[in-house]
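Here's the structure we're looking at; comments come further down.
The values are calculated or read from the model by the stated rules, or taken from the named source; none is laboratory data. Owing to the predicted nature of the structure, the values given are computational and were not obtained by experimental measurement. Every residue, glycine among them, receives a Cβ derived from its backbone with ideal geometry; neighbour counts consider all protein chains shown. Note: accessible area is taken over every heavy atom of the protein model, side chains too, but ligands, DNA and RNA are not part of it. Shrake-Rupley method; radii C 1.70, N 1.55, O 1.52, S 1.80 Å.
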Amino acid sequence: MASENKIQEYLNALESDKLTIETHFVNIERILKDNEKLEQEQVVALLSNFNTLNIQYEQLCNDLITFIKIFKADEKEIRLYKTEELVELLEAKVNQL
């Protein structure tokens with residue numbers, strides 16, 4: 001029973017980390033949509049932030065999927081954030097510069 005609690009605790013931590021990164025994605029998206037005229041430095045900062053978060057997110061999701069397959073095979077599915085729309089927004093802002 002104790003090991004099952006530790007497994008669930010770890011799964012909860014991974015899901016919490018995933019949600020935190022998704023929240024950052026939403027915030028970046030909102031900044032891009034709400035600010036018509038961002039300066040080059042601001043767009044570059046958002047793009048850099050997105051790239052770093054996206055690498056972390058992909059690795060975290062891969063780890064989470066692997067963990068679920070091994071420890072919770074019949075219980076869980078995970079939802080993934082669609083980053084394609086955010087990439088398109090970033091590209092549009094970069095092209096405006």
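Does any residue of region 72-85 turn out to be farther than 15 Å from Glu15 by Cα and touching a helix residue (DSSP H, G or I) at 6+ places or on another chain (Cβ under 8 Å)? Show your work before the answer.
Keep residues of region 72-85 that are farther than 15 Å from Glu15 by Cα, which gives 73-74, 82-85.
Okay, now just the ones that are also touching a helix residue (DSSP H, G or I) at 6+ places or on another chain (Cβ under 8 Å), so 83, 85.
Yes, because at least one residue in region 72-85 is farther than 15 Å from Glu15 by Cα and touching a helix residue (DSSP H, G or I) at 6+ places or on another chain (Cβ under 8 Å).
Residue by residue through region 12-43, note down the ones that are open to solvent by less than 80 Å² (accessible area, probe 1.4 Å) and over 27 Å from Glu77 (Cβ atoms).
Correct list: Ile31, Leu32, Asn35, Leu38, Val43.
Taking Ser3, is it modelled with pLDDT of 95 or more, part of a helix (DSSP H, G or I) and surrounded by fewer than 11 Cβ atoms within 10 Å (Cβ to Cβ)?
Working: modelled with pLDDT of 95 or more: no; part of a helix (DSSP H, G or I): yes; surrounded by fewer than 11 Cβ atoms within 10 Å (Cβ to Cβ): yes.
When the stated conditions are applied, Ser3 does not pass them.
For Ile55, work out the one condition from (1) under 13 Å from the mean Cα position of the chain (by Cα); (2) modelled with pLDDT under 95; (3) within 26 Å of Leu97 (Cβ to Cβ) it doesn't fulfil.
(2)
Report, by residue number, each residue of region 35-84 that is more than 16 Å from Lys18 (Cα to Cα), part of a loop (DSSP other than H, G, I, E, B) and without any contact (Cβ under 8 Å) to a residue 60 or more places away in the chain. Steps first, please.
Start the filter on region 35-84 by keeping residues that are more than 16 Å from Lys18 (Cα to Cα), which leaves 35-48, 69-75, 84.
Subset that is part of a loop (DSSP other than H, G, I, E, B): 35-39, 72-75.
If the condition is that a residue be more than 16 Å from Lys18 (Cα to Cα), part of a loop (DSSP other than H, G, I, E, B) and without any contact (Cβ under 8 Å) to a residue 60 or more places away in the chain, then Asn35, Glu36, Lys37, Leu38, Glu39, Ala73, Asp74, Glu75 are the ones that fit.
Residue check: is Lys93 of a type outside the set (A, V, I, L, M, F, W, C), modelled with pLDDT of 85 or more and open to solvent by 90 Å² or more (accessible area, probe 1.4 Å)?
It is false that Lys93 is of a type outside the set (A, V, I, L, M, F, W, C), modelled with pLDDT of 85 or more and open to solvent by 90 Å² or more (accessible area, probe 1.4 Å).
If a residue must be loosely packed, with under 13 Cβ neighbours inside 10 Å, over 16 Å from Glu88 (Cα atoms) and not aliphatic (A, V, I, L, M), how many such residues does region 44-56 contain?
Matching residues across region 44-56 total 1.
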